[in-house]
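In what follows, a single structure is set out as structure tokens and then discussed.
Read the figures in this text as sums done on the coordinates, not as results from a lab. Note that this is a predicted model, so its numbers are computed, not measured. We place every Cβ from the backbone using ideal geometry, glycine too, and count neighbours over all the protein chains shown.
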Amino acid sequence: MAAQHELNQKPSAGAAPRPAPTRSERRGHRRCKITQLMRIRPSDPTRGHFEDLRGSVSVSRSGAYFQSSEPGYQVGLRLFVTMPYSNQPTAINREYLAEVVRIESLPTGLFGVGIKMLMEMGMYENYPRAGGTLL
């Protein structure tokens, strides 16, 4: 009954306003604000092709957030993401299948893109193997 009475009371003129309740954190893993170069391209061959080389704004074990000028991103779009990416001949890159989960229009004219890593596709090396083919 006392709780109901408190809900019906109006705040006094001198009382400080209560902060708005914060949204609960939905991320399963902590984020690190680090910049890692990523190579991003759509996995669906029926979609318009693009290749985006971007640095991450923040990364977690299960996702990443970056800014891009590429207008081809849509929520639900599946991507191949190579992270960290290097074009050095001896680099070993990891490729992931990811999905766009969030897009924001930023005041800078860029888009903020949040992706969720779905699975690791594997590692590949940039230098040629016997037979001259790249993996």
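Enclosing the Cα atoms of the stretch 31-125 in their convex hull gives a volume equal to 99 cubic angstrom per residue. If the chain linking Ser105 and Leu53 were pulled fully straight, counting 0.36 nm for each residue of separation and taking away their Cα-Cα distance, it would gain 16.8 nm. Within the stretch 33-92, the chymotrypsin sites (Phe, Trp or Tyr not before Pro) that combine a DSSP coil assignment with at most 15 other C-beta atoms in a 10 angstrom radius are Phe50. At what distance in angstrom do the alpha carbon centres of the stretch 43-83 and the stretch 88-103 lie from each other? One Cα centre to the other: 9 Å.
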